[in-house]
Amino acid sequence: MDRDAIIAASKKHDIVSGKPYKYGTAGFRMSADLLDGVAFRVGLLSALRSRKLSGQTIGVMITASHNPAVDNGVKIVDPMGDMLEQEWESYATSLVNAPTHEELADYYQKLADTLKIDLSSPGKVIAGRDTRPSGITLVTALADALAATKTEYIDFKILTTPQLHYLTRCINTAGTPGAYGEVSEVGYYKKLVEAFYRSLRGRKVTGTLSVDCANGVGGPKLSELLKHHDSTKTGLDVKVCNDDVLRPEVLNLDCGADFVKTRQRAPPSPKPAPGDRWCSLDGDADRLIYYWVDPDTGFFMLDGDRIATLAASFIADLFRNAGLDGQLRIGVIQTAYANGASTKYVEQHLQLPVVCTPTGVKHLHHAACSYDIGVYFEANGHGTVLFSPDAVQTFKTKEPQSPAQKDALETLSALADLINQTVGDAISDMLMVEVILAHKGWSLRDWAMTYSDLPNRLVRVEVGNKDLFQTTDAERKLSHPAGCQDEIDQCVKKYTNARSFARASGTENACRVYAEAATRSEADELANKVAAIVKKYGGE
Ligand code: NG1
Ligand code: ZN
(Lines give C-alpha, C1' and ligand atoms only; values in the text may rest on other atoms or scores of the structure.)
(Ligands and ions follow the chains in the order given, each with its own letter.)
Protein backbone atom coordinates (compact mmCIF):
# COMPACT_ATOMS: atom_id res chain seq x y z
CA MET A 1 0.00 0.00 0.00
CA ASP A 2 1.12 3.52 -0.70
CA ARG A 3 0.87 4.81 2.85
CA ASP A 4 2.36 8.18 1.96
CA ALA A 5 -0.11 8.70 -0.87
CA ILE A 6 -3.04 8.03 1.48
CA ILE A 7 -1.68 10.35 4.18
CA ALA A 8 -0.95 13.14 1.68
CA ALA A 9 -4.42 12.89 0.12
CA SER A 10 -6.10 12.64 3.50
CA LYS A 11 -4.48 15.92 4.58
CA LYS A 12 -6.57 17.65 1.91
CA HIS A 13 -9.76 16.21 3.42
CA ASP A 14 -9.73 16.61 7.17
CA ILE A 15 -12.52 15.39 9.38
CA VAL A 16 -13.94 17.81 11.92
CA SER A 17 -12.67 16.40 15.19
CA GLY A 18 -14.84 15.98 18.24
CA LYS A 19 -17.86 14.86 16.18
CA PRO A 20 -19.02 11.32 16.75
CA TYR A 21 -19.47 9.88 13.25
CA LYS A 22 -21.59 6.75 12.95
CA TYR A 23 -22.57 4.77 9.88
CA GLY A 24 -26.33 4.53 10.48
CA THR A 25 -29.42 3.52 8.49
CA ALA A 26 -28.73 6.34 6.05
CA GLY A 27 -24.92 5.96 5.96
CA PHE A 28 -23.24 9.11 7.28
CA ARG A 29 -25.74 11.97 7.14
CA MET A 30 -25.26 15.46 8.63
CA SER A 31 -24.47 19.07 7.81
CA ALA A 32 -22.48 19.05 4.55
CA ASP A 33 -19.68 21.14 6.15
CA LEU A 34 -18.71 18.14 8.26
CA LEU A 35 -18.56 15.60 5.46
CA ASP A 36 -15.43 16.27 3.37
CA GLY A 37 -13.17 13.97 5.41
CA VAL A 38 -15.99 11.48 5.76
CA ALA A 39 -16.41 11.19 1.98
CA PHE A 40 -12.64 10.67 1.62
CA ARG A 41 -12.65 7.91 4.21
CA VAL A 42 -15.73 6.27 2.70
CA GLY A 43 -13.68 6.20 -0.51
CA LEU A 44 -10.99 4.23 1.33
CA LEU A 45 -13.54 1.81 2.74
CA SER A 46 -15.26 1.22 -0.59
CA ALA A 47 -11.87 0.55 -2.18
CA LEU A 48 -11.27 -2.12 0.49
CA ARG A 49 -14.76 -3.55 0.08
CA SER A 50 -14.37 -3.90 -3.68
CA ARG A 51 -11.04 -5.71 -3.29
CA LYS A 52 -12.48 -7.94 -0.57
CA LEU A 53 -15.21 -8.95 -3.05
CA SER A 54 -12.76 -9.94 -5.81
CA GLY A 55 -12.87 -6.58 -7.56
CA GLN A 56 -16.65 -6.35 -7.88
CA THR A 57 -17.87 -2.78 -8.21
CA ILE A 58 -19.05 -0.91 -5.12
CA GLY A 59 -21.41 2.07 -5.34
CA VAL A 60 -21.23 5.28 -3.33
CA MET A 61 -24.25 7.58 -3.21
CA ILE A 62 -23.98 11.15 -2.01
CA THR A 63 -27.35 12.39 -0.81
CA ALA A 64 -29.24 13.48 2.28
CA SER A 65 -32.58 12.39 0.85
CA HIS A 66 -35.44 14.37 2.44
CA ASN A 67 -33.18 16.41 4.76
CA PRO A 68 -32.77 20.18 4.30
CA ALA A 69 -30.53 21.44 1.50
CA VAL A 70 -27.62 22.24 3.85
CA ASP A 71 -27.21 18.59 4.81
CA ASN A 72 -25.63 15.83 2.82
CA GLY A 73 -24.77 12.18 3.29
CA VAL A 74 -22.55 9.36 2.06
CA LYS A 75 -23.76 5.80 1.71
CA ILE A 76 -22.14 2.62 0.36
CA VAL A 77 -23.92 0.20 -1.97
CA ASP A 78 -22.93 -3.48 -2.21
CA PRO A 79 -22.42 -5.21 -5.59
CA MET A 80 -25.98 -6.51 -6.06
CA GLY A 81 -27.32 -3.01 -5.35
CA ASP A 82 -28.24 -3.72 -1.75
CA MET A 83 -27.09 -1.90 1.36
CA LEU A 84 -23.57 -2.34 2.76
CA GLU A 85 -23.21 -5.56 4.77
CA GLN A 86 -23.84 -4.85 8.44
CA GLU A 87 -20.41 -5.97 9.73
CA TRP A 88 -18.78 -3.41 7.45
CA GLU A 89 -20.84 -0.57 8.93
CA SER A 90 -18.68 -0.75 12.04
CA TYR A 91 -15.48 -0.76 9.93
CA ALA A 92 -16.81 2.37 8.22
CA THR A 93 -17.47 3.99 11.60
CA SER A 94 -13.98 3.15 12.92
CA LEU A 95 -12.23 4.30 9.75
CA VAL A 96 -14.07 7.63 9.71
CA ASN A 97 -13.30 8.24 13.38
CA ALA A 98 -9.52 7.66 13.10
CA PRO A 99 -8.11 10.72 14.93
CA THR A 100 -5.08 11.45 12.70
CA HIS A 101 -4.09 10.89 9.06
CA GLU A 102 -1.38 8.44 10.17
CA GLU A 103 -3.79 6.45 12.33
CA LEU A 104 -6.20 6.40 9.42
CA ALA A 105 -3.56 4.87 7.13
CA ASP A 106 -2.67 2.37 9.88
CA TYR A 107 -6.28 1.33 10.39
CA TYR A 108 -6.72 0.95 6.63
CA GLN A 109 -3.73 -1.41 6.55
CA LYS A 110 -4.96 -3.24 9.65
CA LEU A 111 -8.38 -3.83 8.07
CA ALA A 112 -6.70 -5.15 4.94
CA ASP A 113 -4.58 -7.52 7.04
CA THR A 114 -7.40 -8.83 9.25
CA LEU A 115 -9.80 -9.26 6.35
CA LYS A 116 -7.08 -10.78 4.16
CA ILE A 117 -7.47 -8.22 1.41
CA ASP A 118 -4.85 -8.08 -1.33
CA LEU A 119 -4.28 -4.36 -1.76
CA SER A 120 -2.50 -4.86 -5.08
CA SER A 121 -5.56 -6.54 -6.66
CA PRO A 122 -7.94 -4.46 -8.80
CA GLY A 123 -10.82 -2.55 -7.22
CA LYS A 124 -13.64 -0.51 -8.73
CA VAL A 125 -16.06 2.09 -7.34
CA ILE A 126 -18.83 4.11 -8.98
CA ALA A 127 -20.48 7.21 -7.55
CA GLY A 128 -23.63 9.27 -7.96
CA ARG A 129 -24.97 12.34 -6.19
CA ASP A 130 -28.23 14.21 -5.82
CA THR A 131 -28.63 17.88 -6.82
CA ARG A 132 -27.15 19.40 -3.63
CA PRO A 133 -24.26 21.75 -4.56
CA SER A 134 -22.12 20.30 -1.73
CA GLY A 135 -22.13 16.98 -3.58
CA ILE A 136 -19.54 18.30 -6.04
CA THR A 137 -16.80 18.77 -3.42
CA LEU A 138 -17.72 15.53 -1.66
CA VAL A 139 -17.27 13.62 -4.91
CA THR A 140 -13.81 15.20 -5.24
CA ALA A 141 -12.89 13.93 -1.76
CA LEU A 142 -14.11 10.47 -2.70
CA ALA A 143 -12.19 10.53 -6.00
CA ASP A 144 -8.98 11.54 -4.17
CA ALA A 145 -9.25 8.46 -1.93
CA LEU A 146 -9.77 6.23 -4.94
CA ALA A 147 -6.80 7.76 -6.74
CA ALA A 148 -4.58 7.33 -3.65
CA THR A 149 -5.52 3.64 -3.48
CA LYS A 150 -5.28 3.11 -7.27
CA THR A 151 -8.92 2.10 -7.49
CA GLU A 152 -10.78 2.36 -10.80
CA TYR A 153 -13.52 4.94 -10.52
CA ILE A 154 -16.47 6.17 -12.57
CA ASP A 155 -18.43 9.28 -11.60
CA PHE A 156 -22.01 8.95 -12.88
CA LYS A 157 -22.67 12.49 -11.67
CA ILE A 158 -26.28 13.42 -10.84
CA LEU A 159 -28.52 10.40 -10.20
CA THR A 160 -31.43 9.34 -8.03
CA THR A 161 -30.42 6.94 -5.26
CA PRO A 162 -32.22 4.00 -6.91
CA GLN A 163 -30.47 4.71 -10.23
CA LEU A 164 -27.08 4.35 -8.52
CA HIS A 165 -28.23 1.06 -6.99
CA TYR A 166 -29.45 -0.08 -10.44
CA LEU A 167 -26.15 0.81 -12.12
CA THR A 168 -24.10 -0.95 -9.45
CA ARG A 169 -26.02 -4.17 -10.02
CA CYS A 170 -25.89 -3.79 -13.80
CA ILE A 171 -22.10 -3.46 -13.80
CA ASN A 172 -21.62 -6.49 -11.59
CA THR A 173 -23.99 -8.72 -13.53
CA ALA A 174 -23.04 -7.59 -17.06
CA GLY A 175 -22.42 -10.54 -19.35
CA THR A 176 -23.86 -13.09 -16.89
CA PRO A 177 -27.21 -14.93 -17.08
CA GLY A 178 -28.49 -12.65 -14.29
CA ALA A 179 -27.59 -9.45 -16.23
CA TYR A 180 -29.76 -6.73 -14.69
CA GLY A 181 -29.73 -4.18 -17.50
CA GLU A 182 -27.74 -1.82 -19.66
CA VAL A 183 -25.05 0.03 -17.67
CA SER A 184 -26.33 3.54 -18.35
CA GLU A 185 -28.95 5.98 -17.22
CA VAL A 186 -30.70 5.63 -20.58
CA GLY A 187 -30.66 1.86 -20.08
CA TYR A 188 -32.58 2.40 -16.84
CA TYR A 189 -35.26 4.51 -18.59
CA LYS A 190 -35.60 2.07 -21.46
CA LYS A 191 -35.92 -0.90 -19.11
CA LEU A 192 -38.62 0.77 -17.01
CA VAL A 193 -40.64 2.11 -19.92
CA GLU A 194 -40.54 -1.17 -21.82
CA ALA A 195 -41.62 -3.10 -18.70
CA PHE A 196 -44.36 -0.51 -18.11
CA TYR A 197 -45.78 -1.15 -21.60
CA ARG A 198 -45.62 -4.92 -21.08
CA SER A 199 -47.20 -4.78 -17.59
CA LEU A 200 -50.18 -2.75 -18.79
CA ARG A 201 -51.02 -5.38 -21.41
CA GLY A 202 -52.96 -2.95 -23.54
CA ARG A 203 -54.79 -1.29 -20.66
CA LYS A 204 -54.78 2.48 -20.31
CA VAL A 205 -54.09 4.74 -17.36
CA THR A 206 -56.86 7.31 -16.80
CA GLY A 207 -56.51 10.79 -15.41
CA THR A 208 -53.52 13.11 -15.25
CA LEU A 209 -50.98 12.38 -12.54
CA SER A 210 -49.24 15.41 -11.02
CA VAL A 211 -45.89 14.51 -9.49
CA ASP A 212 -44.37 16.71 -6.78
CA CYS A 213 -40.62 16.06 -7.12
CA ALA A 214 -39.52 17.83 -3.88
CA ASN A 215 -37.37 20.15 -6.06
CA GLY A 216 -34.86 17.32 -6.06
CA VAL A 217 -33.15 15.02 -8.50
CA GLY A 218 -36.39 13.12 -9.21
CA GLY A 219 -37.69 16.10 -11.26
CA PRO A 220 -35.13 16.13 -14.08
CA LYS A 221 -34.86 12.34 -14.02
CA LEU A 222 -38.60 11.82 -14.32
CA SER A 223 -38.67 14.31 -17.21
CA GLU A 224 -35.86 12.33 -18.83
CA LEU A 225 -37.78 9.05 -18.44
CA LEU A 226 -40.84 10.63 -20.03
CA LYS A 227 -38.83 11.39 -23.18
CA HIS A 228 -38.58 7.62 -23.65
CA HIS A 229 -42.30 7.09 -22.97
CA ASP A 230 -45.10 7.25 -25.53
CA SER A 231 -48.19 8.39 -23.67
CA THR A 232 -50.48 7.42 -26.56
CA LYS A 233 -49.58 3.80 -25.79
CA THR A 234 -50.29 3.95 -22.05
CA GLY A 235 -52.57 6.91 -21.40
CA LEU A 236 -50.18 8.04 -18.66
CA ASP A 237 -50.18 11.83 -18.63
CA VAL A 238 -47.66 13.11 -16.08
CA LYS A 239 -47.40 16.71 -14.93
CA VAL A 240 -43.95 17.21 -13.37
CA CYS A 241 -44.21 19.74 -10.49
CA ASN A 242 -41.75 21.16 -7.95
CA ASP A 243 -38.78 20.33 -10.15
CA ASP A 244 -36.71 23.48 -9.54
CA VAL A 245 -33.18 22.18 -9.01
CA LEU A 246 -31.53 25.50 -9.85
CA ARG A 247 -32.33 27.05 -6.47
CA PRO A 248 -30.78 24.60 -3.99
CA GLU A 249 -32.52 26.20 -1.01
CA VAL A 250 -35.97 25.02 -2.15
CA LEU A 251 -35.03 21.32 -2.03
CA ASN A 252 -37.56 19.48 0.17
CA LEU A 253 -38.92 22.85 1.28
CA ASP A 254 -42.68 22.61 1.93
CA CYS A 255 -42.97 19.80 -0.58
CA GLY A 256 -41.93 16.21 -1.21
CA ALA A 257 -42.93 12.84 0.22
CA ASP A 258 -41.58 13.50 3.71
CA PHE A 259 -43.47 16.80 4.00
CA VAL A 260 -46.72 15.15 2.86
CA LYS A 261 -46.33 12.13 5.14
CA THR A 262 -45.30 13.95 8.30
CA ARG A 263 -47.63 16.96 7.92
CA GLN A 264 -50.43 14.79 6.57
CA ARG A 265 -51.32 17.42 4.00
CA ALA A 266 -50.65 18.36 0.37
CA PRO A 267 -47.80 20.76 -0.46
CA PRO A 268 -49.10 24.35 -0.43
CA SER A 269 -47.75 24.96 -3.94
CA PRO A 270 -48.80 24.22 -6.60
CA LYS A 271 -52.19 23.86 -5.01
CA PRO A 272 -53.82 20.54 -5.97
CA ALA A 273 -57.20 21.11 -7.60
CA PRO A 274 -59.97 19.09 -5.96
CA GLY A 275 -60.05 15.51 -7.21
CA ASP A 276 -56.69 15.65 -9.10
CA ARG A 277 -54.44 12.63 -8.77
CA TRP A 278 -51.16 13.52 -7.04
CA CYS A 279 -48.02 11.84 -5.77
CA SER A 280 -44.83 13.12 -4.12
CA LEU A 281 -41.26 11.87 -4.34
CA ASP A 282 -38.57 12.73 -1.78
CA GLY A 283 -35.27 14.54 -2.45
CA ASP A 284 -33.44 11.49 -3.86
CA ALA A 285 -36.52 9.79 -5.37
CA ASP A 286 -36.67 6.66 -3.25
CA ARG A 287 -39.91 7.44 -1.41
CA LEU A 288 -43.41 7.75 -2.87
CA ILE A 289 -46.71 8.94 -1.38
CA TYR A 290 -50.00 9.26 -3.33
CA TYR A 291 -52.89 11.59 -2.40
CA TRP A 292 -55.77 13.67 -3.59
CA VAL A 293 -57.77 16.53 -2.14
CA ASP A 294 -61.46 15.72 -1.96
CA PRO A 295 -63.88 18.65 -2.40
CA ASP A 296 -65.97 17.38 0.54
CA THR A 297 -63.67 15.46 2.84
CA GLY A 298 -60.34 17.18 2.15
CA PHE A 299 -56.85 15.68 1.90
CA PHE A 300 -56.50 11.90 1.65
CA MET A 301 -53.13 10.18 1.68
CA LEU A 302 -52.09 6.77 0.33
CA ASP A 303 -48.74 6.01 1.96
CA GLY A 304 -46.24 3.14 1.88
CA ASP A 305 -48.63 0.82 3.73
CA ARG A 306 -51.27 1.45 1.07
CA ILE A 307 -48.77 0.82 -1.74
CA ALA A 308 -47.75 -2.45 -0.05
CA THR A 309 -51.34 -3.65 0.34
CA LEU A 310 -52.18 -2.68 -3.25
CA ALA A 311 -49.16 -4.55 -4.62
CA ALA A 312 -49.72 -7.60 -2.40
CA SER A 313 -53.38 -7.91 -3.32
CA PHE A 314 -52.67 -7.55 -7.05
CA ILE A 315 -49.82 -10.06 -7.05
CA ALA A 316 -51.83 -12.54 -4.97
CA ASP A 317 -54.64 -12.30 -7.57
CA LEU A 318 -52.16 -12.84 -10.40
CA PHE A 319 -50.83 -15.90 -8.55
CA ARG A 320 -54.31 -17.39 -8.39
CA ASN A 321 -54.93 -16.59 -12.06
CA ALA A 322 -51.59 -18.07 -13.05
CA GLY A 323 -52.25 -21.28 -11.13
CA LEU A 324 -49.29 -20.58 -8.83
CA ASP A 325 -51.29 -20.46 -5.59
CA GLY A 326 -49.62 -22.62 -2.99
CA GLN A 327 -46.58 -23.09 -5.22
CA LEU A 328 -44.79 -19.82 -4.47
CA ARG A 329 -44.88 -17.87 -1.19
CA ILE A 330 -45.81 -14.20 -0.91
CA GLY A 331 -44.99 -12.26 2.26
CA VAL A 332 -45.46 -8.65 3.34
CA ILE A 333 -42.74 -7.01 5.41
CA GLN A 334 -43.49 -3.95 7.53
CA THR A 335 -42.03 -2.03 10.45
CA ALA A 336 -43.72 -1.03 13.69
CA TYR A 337 -44.72 2.25 11.98
CA ALA A 338 -47.14 0.42 9.66
CA ASN A 339 -50.72 1.38 10.40
CA GLY A 340 -52.40 -1.39 12.40
CA ALA A 341 -55.31 -1.39 9.92
CA SER A 342 -52.95 -2.28 7.05
CA THR A 343 -51.48 -5.20 8.99
CA LYS A 344 -54.96 -6.48 9.78
CA TYR A 345 -56.02 -6.11 6.13
CA VAL A 346 -53.05 -8.15 4.87
CA GLU A 347 -53.41 -10.90 7.48
CA GLN A 348 -57.17 -11.21 7.59
CA HIS A 349 -58.41 -10.07 4.19
CA LEU A 350 -55.53 -10.99 1.88
CA GLN A 351 -54.64 -13.99 4.07
CA LEU A 352 -50.92 -13.31 3.62
CA PRO A 353 -48.22 -13.47 6.29
CA VAL A 354 -46.83 -10.21 7.73
CA VAL A 355 -43.34 -9.91 9.21
CA CYS A 356 -42.35 -6.92 11.35
CA THR A 357 -38.69 -5.85 11.31
CA PRO A 358 -36.76 -3.00 12.92
CA THR A 359 -36.74 0.35 11.07
CA GLY A 360 -34.29 0.66 8.19
CA VAL A 361 -34.58 -0.71 4.70
CA LYS A 362 -31.77 -3.21 5.11
CA HIS A 363 -33.86 -5.12 7.67
CA LEU A 364 -36.96 -5.15 5.48
CA HIS A 365 -34.98 -6.09 2.38
CA HIS A 366 -33.32 -8.96 4.19
CA ALA A 367 -36.63 -10.34 5.48
CA ALA A 368 -38.24 -9.99 2.02
CA CYS A 369 -35.53 -12.21 0.54
CA SER A 370 -36.90 -15.23 2.40
CA TYR A 371 -40.10 -15.20 0.26
CA ASP A 372 -40.60 -15.96 -3.43
CA ILE A 373 -42.30 -12.58 -3.57
CA GLY A 374 -41.43 -10.22 -0.71
CA VAL A 375 -43.43 -6.99 -0.62
CA TYR A 376 -41.70 -4.51 1.68
CA PHE A 377 -42.58 -0.90 2.40
CA GLU A 378 -42.01 1.54 5.20
CA ALA A 379 -45.06 3.67 5.96
CA ASN A 380 -43.06 6.70 4.74
CA GLY A 381 -43.22 5.37 1.18
CA HIS A 382 -39.85 3.66 0.83
CA GLY A 383 -40.07 0.12 -0.44
CA THR A 384 -40.22 -2.33 -3.29
CA VAL A 385 -41.29 -5.86 -4.23
CA LEU A 386 -38.60 -8.52 -4.50
CA PHE A 387 -38.98 -11.49 -6.84
CA SER A 388 -36.74 -14.51 -6.15
CA PRO A 389 -34.81 -16.00 -9.08
CA ASP A 390 -37.03 -19.10 -8.69
CA ALA A 391 -40.18 -17.04 -9.04
CA VAL A 392 -38.90 -15.24 -12.15
CA GLN A 393 -37.89 -18.59 -13.66
CA THR A 394 -41.34 -20.05 -12.93
CA PHE A 395 -43.12 -17.12 -14.66
CA LYS A 396 -41.03 -17.78 -17.75
CA THR A 397 -41.13 -21.56 -17.89
CA LYS A 398 -44.52 -22.61 -16.50
CA GLU A 399 -46.69 -23.96 -19.31
CA PRO A 400 -49.95 -21.97 -19.21
CA GLN A 401 -53.14 -24.02 -19.20
CA SER A 402 -55.37 -21.23 -20.49
CA PRO A 403 -55.14 -17.76 -22.06
CA ALA A 404 -55.91 -16.30 -18.60
CA GLN A 405 -52.97 -18.16 -17.08
CA LYS A 406 -50.71 -16.99 -19.88
CA ASP A 407 -51.80 -13.40 -19.32
CA ALA A 408 -51.16 -13.60 -15.57
CA LEU A 409 -47.72 -15.19 -16.04
CA GLU A 410 -46.69 -12.54 -18.56
CA THR A 411 -47.92 -9.75 -16.29
CA LEU A 412 -45.90 -11.17 -13.39
CA SER A 413 -42.82 -11.43 -15.58
CA ALA A 414 -43.20 -7.81 -16.71
CA LEU A 415 -43.70 -6.61 -13.12
CA ALA A 416 -40.44 -8.26 -12.08
CA ASP A 417 -38.69 -6.06 -14.66
CA LEU A 418 -40.67 -2.93 -13.83
CA ILE A 419 -40.06 -3.02 -10.08
CA ASN A 420 -36.53 -2.09 -8.99
CA GLN A 421 -35.04 -5.20 -7.39
CA THR A 422 -32.21 -3.42 -5.62
CA VAL A 423 -33.95 -0.83 -3.44
CA GLY A 424 -37.16 1.23 -3.11
CA ASP A 425 -37.49 3.42 -6.19
CA ALA A 426 -40.19 6.10 -6.27
CA ILE A 427 -40.31 6.34 -10.08
CA SER A 428 -40.50 2.57 -10.58
CA ASP A 429 -43.03 2.22 -7.73
CA MET A 430 -45.14 4.98 -9.28
CA LEU A 431 -45.29 3.11 -12.59
CA MET A 432 -46.20 -0.06 -10.67
CA VAL A 433 -49.07 1.71 -8.89
CA GLU A 434 -50.31 3.08 -12.23
CA VAL A 435 -50.22 -0.42 -13.74
CA ILE A 436 -52.20 -1.91 -10.85
CA LEU A 437 -54.81 0.85 -10.84
CA ALA A 438 -55.21 0.46 -14.63
CA HIS A 439 -55.64 -3.33 -14.30
CA LYS A 440 -58.16 -2.96 -11.49
CA GLY A 441 -59.89 0.00 -13.16
CA TRP A 442 -59.56 1.86 -9.86
CA SER A 443 -59.42 5.55 -8.98
CA LEU A 444 -57.42 6.68 -5.93
CA ARG A 445 -60.72 6.71 -4.06
CA ASP A 446 -61.39 3.03 -4.92
CA TRP A 447 -57.91 2.20 -3.69
CA ALA A 448 -58.54 4.12 -0.47
CA MET A 449 -61.80 2.24 0.16
CA THR A 450 -60.00 -1.10 0.76
CA TYR A 451 -59.67 -0.36 4.49
CA SER A 452 -59.70 2.59 6.91
CA ASP A 453 -56.46 3.69 8.53
CA LEU A 454 -56.39 4.11 12.28
CA PRO A 455 -55.72 7.76 13.14
CA ASN A 456 -52.06 8.06 14.11
CA ARG A 457 -49.44 10.54 15.23
CA LEU A 458 -45.66 10.53 15.02
CA VAL A 459 -43.85 12.86 17.43
CA ARG A 460 -40.18 13.76 17.63
CA VAL A 461 -38.97 14.08 21.22
CA GLU A 462 -35.69 15.79 22.11
CA VAL A 463 -34.03 13.98 25.01
CA GLY A 464 -30.78 14.39 26.92
CA ASN A 465 -29.43 11.03 25.82
CA LYS A 466 -31.25 9.05 23.15
CA ASP A 467 -28.87 6.09 23.64
CA LEU A 468 -30.66 5.31 26.92
CA PHE A 469 -33.54 4.00 24.81
CA GLN A 470 -33.03 0.40 23.78
CA THR A 471 -35.63 -1.75 22.13
CA THR A 472 -36.71 -5.33 21.68
CA ASP A 473 -39.46 -7.11 19.68
CA ALA A 474 -38.68 -5.37 16.36
CA GLU A 475 -38.58 -2.01 18.17
CA ARG A 476 -42.12 -2.35 19.47
CA LYS A 477 -41.02 -2.38 23.12
CA LEU A 478 -38.35 -0.67 25.19
CA SER A 479 -36.04 -2.87 27.22
CA HIS A 480 -34.33 0.25 28.66
CA PRO A 481 -34.58 2.56 30.51
CA ALA A 482 -36.12 0.30 33.16
CA GLY A 483 -39.72 1.19 33.98
CA CYS A 484 -40.35 3.29 30.88
CA GLN A 485 -42.16 0.57 28.90
CA ASP A 486 -44.43 -0.23 31.89
CA GLU A 487 -45.53 3.37 32.04
CA ILE A 488 -46.20 3.39 28.27
CA ASP A 489 -48.24 0.16 28.60
CA GLN A 490 -50.33 1.61 31.43
CA CYS A 491 -51.04 4.65 29.31
CA VAL A 492 -51.97 2.69 26.13
CA LYS A 493 -54.42 0.51 28.12
CA LYS A 494 -56.71 3.49 28.66
CA TYR A 495 -57.52 3.85 24.92
CA THR A 496 -59.52 1.79 22.43
CA ASN A 497 -57.71 -0.07 19.62
CA ALA A 498 -54.56 1.76 20.63
CA ARG A 499 -50.88 1.07 20.16
CA SER A 500 -47.86 3.19 20.93
CA PHE A 501 -44.12 2.74 21.02
CA ALA A 502 -40.96 4.79 21.39
CA ARG A 503 -37.46 4.36 19.97
CA ALA A 504 -34.29 6.34 19.40
CA SER A 505 -34.03 7.67 15.84
CA GLY A 506 -31.21 6.19 13.81
CA THR A 507 -30.82 9.32 11.70
CA GLU A 508 -31.46 12.20 14.10
CA ASN A 509 -30.46 13.12 17.61
CA ALA A 510 -33.93 12.48 19.08
CA CYS A 511 -36.48 9.83 19.99
CA ARG A 512 -39.63 9.11 18.00
CA VAL A 513 -42.99 8.28 19.52
CA TYR A 514 -45.71 6.67 17.42
CA ALA A 515 -49.31 6.30 18.57
CA GLU A 516 -52.48 5.10 16.90
CA ALA A 517 -55.98 4.87 18.34
CA ALA A 518 -59.64 4.72 17.36
CA THR A 519 -60.03 8.49 16.98
CA ARG A 520 -57.81 11.38 15.96
CA SER A 521 -58.06 13.10 19.34
CA GLU A 522 -57.19 9.87 21.18
CA ALA A 523 -54.19 9.24 18.91
CA ASP A 524 -52.94 12.80 19.49
CA GLU A 525 -53.51 12.60 23.24
CA LEU A 526 -51.80 9.22 23.52
CA ALA A 527 -48.79 10.39 21.48
CA ASN A 528 -48.39 13.44 23.71
CA LYS A 529 -48.65 11.40 26.90
CA VAL A 530 -46.10 8.83 25.72
CA ALA A 531 -43.83 11.65 24.55
CA ALA A 532 -43.96 13.10 28.08
CA ILE A 533 -42.99 9.71 29.54
CA VAL A 534 -40.05 9.46 27.11
CA LYS A 535 -38.94 12.98 27.97
CA LYS A 536 -39.02 12.10 31.68
CA TYR A 537 -36.77 9.05 31.20
CA GLY A 538 -34.55 10.71 28.59
CA GLY A 539 -31.83 12.13 30.82
CA GLU A 540 -30.58 15.70 31.24
P1 NG1 B 1 -35.20 7.04 11.95
O2 NG1 B 1 -34.65 8.41 12.04
O3 NG1 B 1 -34.29 5.95 12.49
O4 NG1 B 1 -36.60 6.96 12.50
C5 NG1 B 1 -35.94 7.45 9.39
C6 NG1 B 1 -37.23 6.79 9.00
C7 NG1 B 1 -36.93 5.39 8.50
C8 NG1 B 1 -35.91 5.39 7.39
C9 NG1 B 1 -34.70 6.22 7.79
C10 NG1 B 1 -33.68 6.40 6.67
C11 NG1 B 1 -39.44 6.97 10.05
C12 NG1 B 1 -40.24 6.86 11.29
N13 NG1 B 1 -38.14 6.69 10.16
O14 NG1 B 1 -35.33 6.67 10.39
O15 NG1 B 1 -38.12 4.78 8.09
O16 NG1 B 1 -36.47 5.84 6.18
O17 NG1 B 1 -35.08 7.51 8.27
O18 NG1 B 1 -33.98 7.46 5.82
O19 NG1 B 1 -39.98 7.31 8.98
ZN1 ZN C 1 -34.86 9.23 0.17
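Numbers for the structure displayed
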| quantity | calculated |
| --- | --- |
| Semi-axis lengths, Å, segment 434-533, gyration tensor of Cα atoms, sqrt of 5 times eigenvalues | 32, 17, 11 |
| Cα convex hull volume per residue for segment 371-488 (Å³) | 180 Å³ |
| Per residue accessible area in Å² of the chain, where ligands, DNA and RNA are left out and the probe is 1.4 Å | 39 Å² |
| Ellipsoid semi-axes in whole angstrom, largest first, where each is sqrt(5λ) of the Cα gyration tensor of segment 140-241 | 32, 19, 8 |
| Residue-by-residue Karplus 3J(HN,Hα) for segment 85-90, coefficients 6.51, -1.76, 1.60, Hz, glycine and proline x | 4, 3, 4, 6, 4, 6 |
| Per-residue [θ]222 nm for the chain (sum of -39500 (n - 2.57) over DSSP H runs n ≥ 4, rounded to 500) | -12500 deg cm²/dmol |
| Listed residue pairs exceeding 20 Å between alpha carbons, taken from Lys261/Lys477; Lys466/Lys529; Lys22/Lys75; Lys233/Lys406 | Lys261/Lys477; Lys233/Lys406 |
| Lys22 accessible area, assembled protein chains, probe 1.4 Å, Å² | 150 Å² |
| Area of Lys494 that stays accessible when all protein chains are in place (1.4 Å probe, Å², to 10) | 150 Å² |
| Diffusion coefficient, µm² s⁻¹, Stokes-Einstein with Kirkwood Rh over alpha-carbon pairs of the chain at 4 °C and 1.567 mPa s | 54 µm²/s |
| Ser269/Lys204 FRET efficiency (R0 30 Å; Cβ-Cβ; nearest 0.05) | 0.50 |
| Area of Ile330 that stays accessible when all protein chains are in place (1.4 Å probe, Å², to 10) | 20 Å² |
| Qualifying aspartates and glutamates (Cα of each under 16 Å from Cα of Lys494; at least 8 residues distant if same chain) | Asp486, Glu516, Glu522, Asp524, Glu525 |
| Members of Lys204/Lys227; Lys190/Lys440; Lys190/Lys221; Lys12/Lys150 lying beyond 22 Å, as alpha-carbon distances in this model show | Lys190/Lys440 |
| Whole-percent pair-distance distribution, where bins are 10 Å wide, for the alpha carbons of segment 244-327 | 16, 38, 25, 15, 6, 0 |
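The values are calculated or read from the model by the stated rules, or taken from the named source; none is laboratory data. None of the values given here were measured: they were computed from a predicted structure. Glycine also receives a Cβ, built like all others from the backbone with ideal geometry; neighbour counts cover every protein chain displayed. What goes into the accessible areas is simple: the full protein's heavy atoms, side chains included, and nothing from ligands, DNA or RNA. Shrake-Rupley method; radii C 1.70, N 1.55, O 1.52, S 1.80 Å.
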